[in-house]
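Let me begin by presenting the structure, written as structure tokens, before commenting on it.
All of the numbers you see were taken from the coordinates with simple rules; none came from a lab. Since the structure is predicted, the reported quantities are computational estimates derived from the model, not experimental observations. All Cβ positions, glycine included, derive from the backbone under ideal geometry; neighbour counts span all protein chains shown.
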Amino acid sequence: MVPGEQCSNKCSQTPGCTHFTWTTYNGGTCWMKKGSVSKNDAFSTGDMTMVCGLLDNVPNPDSGIESLKGQLLWSDEFDSSSNFMNNWNQETGGHGWGNNELQYYTNNNENTEISNNMLTIHTRKEWKNNMKYTSARLLSKKKFRYGVFEMKAKLPYGRGTWPAFWLLSAGRPLNWPNDGEIDIMEHVGYDQNVVHATIHCKDFNHLIGTQIGKSIKLNDVSNQFHLYQLYWSETSIRGYVDGQLYFRYDKPANSNYNNWPFDNEFNIILNTAVGGFWGGALGIDDNIFPQKYIIDYVRQYSHK
């Protein structure tokens, strides 16, 4: 691979980088830059060894997410039980879900509730099929590819809780992590008010310690509603909270299925886990239950 291609790849995988320059300085240096530029800004330096480049099709990283929203394509406002049933499947089971989780997911209204135009996922300390806790995991019936996704929610709190709003490849049989996962929001209760956005694929996943993600600390995620948002296009994945950009993963210049499976169709998942390798890393406080994950709405818009 020639130096210019290496520099382009590095820029494309660096959050905020929009253009780059490679020079022979210090044996070869990749200068990565951020800002709105066009190819009309280029000029000749007379140095035939220098390589400059501009990432194509990368919207301004400073653009607010509202400016990136197009038409509303799908939503659940949780205003009726019939709409809820039409939009979601309730997955069941208590086998640990690949993360050593300790809850049993039910499909009854003890763990999901539609009232006051909101969805509540109830997580309780109660035995079910040899599991000590019950909760709910909702999988969208619709499959999605690209768009702006948004959830308005209050999160459960306390050591051992692990709520999430995420996208998982809709391909079956699922080959995880190869087929892709996009975590729009995860929150582990022992680290209150810190939320995370992450991508997983074959090259980048937590099993091998290479997952790519960012965290942000918020004010009172359990008593105040916040907006958890995702911009997902053919070339970029970005995480926002309340309109603030804090995570970005761009399609690598040398993209392949191992580092960009994000042209697949994905399902939305809403769930609260208990314990697990991450959520239960510092144990579980049984005194916090029952817990509520209160969701005002989930929406998908087209992207600009």
Computed curve, segment 75-190, Cα-only Debye sum without solvent term, log₁₀ I(q)/I(0) at 0.10, 0.15, 0.21, 0.22 Å⁻¹, is -0.32, -0.76, -1.53, -1.62
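Please compute the net charge surrounding ASN287, taking Lys and Arg as +1 and Asp and Glu as -1 over other residues with Cβ under 11 Å from its Cβ. Walk me through the numbers before you get to the answer.
Values: positive: LYS125, ARG159; negative: ASP285, ASP286.
So the surrounding residues net to 0.
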Everything considered on the Cα gyration tensor (a ≥ b ≥ c; rounded for a/c under 1.5, else prolate if a/b is larger than b/c, else oblate), segment 48-137 must be described as oblate
Pairs over 28 Å Cα to Cα, from LYS34/LYS142; LYS132/LYS154; LYS10/LYS142; LYS34/LYS152; LYS132/LYS214, come to LYS34/LYS142; LYS10/LYS142; LYS34/LYS152; LYS132/LYS214
Pseudo-spin-label distance SER215 to ASP47, built 7 Å along Cα→Cβ, given in nm, is 4.0
HN-Hα couplings for segment 203-214 via Karplus (6.51, -1.76, 1.60; θ = phi - 60°), in whole Hz with x for Gly/Pro, come out as 6, 10, 7, 6, 5, 10, x, 10, 4, 10, x, 9
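Let's see if you can work this out: charge +1 on each Lys and Arg Cβ, -1 on each Asp and Glu Cβ, no other charges. What is the dipole magnitude of the chain about its Cα centre, in debye to the nearest 20? Intermediate results must be reported in sequence, preceding the final value.
Values: 27 positive and 30 negative charges, 21 e Å.
The dipole magnitude comes to about 100 debye.
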Amide H contacts under 5 Å for TYR297, restricted to residues at least 5 apart in sequence or on another chain and with H modeled in the peptide plane, are LYS152
For segment 283-294, Karplus-derived ³J(HN,Hα) couplings (6.51, -1.76, 1.60; θ = phi - 60°; whole Hz; x for glycine and proline) come out as x, 10, 8, 5, 6, 8, 7, x, 10, 10, 10, 9
Among [x] 165; [y] 116; [z] 139, the value of volume of the Cα convex hull per residue in Å³ computed for this structure carries the label [z]
Any residue on another chain or 5+ positions along whose placed amide H is under 5 Å from the amide H of ASN205 is listed here as THR210, GLN211
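With charges set only on the Cβ (+1 for Lys and Arg, -1 for Asp and Glu), what does the dipole of segment 61-180 come to about its Cα centre, in debye to the nearest 20? All intermediate terms of the calculation are to be shown ahead of the outcome.
Details: 14 positive and 12 negative charges, 66 e Å.
With only Lys, Arg, Asp and Glu charged at Cβ, the dipole is about 320 debye.
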Rounded to one decimal in nm, the spacing of the 7 Å Cα→Cβ label points at ASN83 and ASP285 is 3.5
Straight-line reach check, LYS128, cutoff 20 Å on alpha carbons, 8 or more apart in-chain or any other chain, hits among aspartates and glutamates -> GLU91, GLU101, GLU110, GLU113, ASP285, ASP286
In segment 230-300, taking the dipole from +1 charges on Lys and Arg beta carbons and -1 charges on Asp and Glu beta carbons about the Cα centre, the listed residue (LEU282, TYR240, THR272) farthest towards the positive end is TYR240
Per the helix-only model, the chain has a calculated mean residue ellipticity at 222 nm (DSSP H runs of ≥4, -39500 (n - 2.57) each, divided over all residues, rounded to the nearest 500) of -1500 deg cm²/dmol
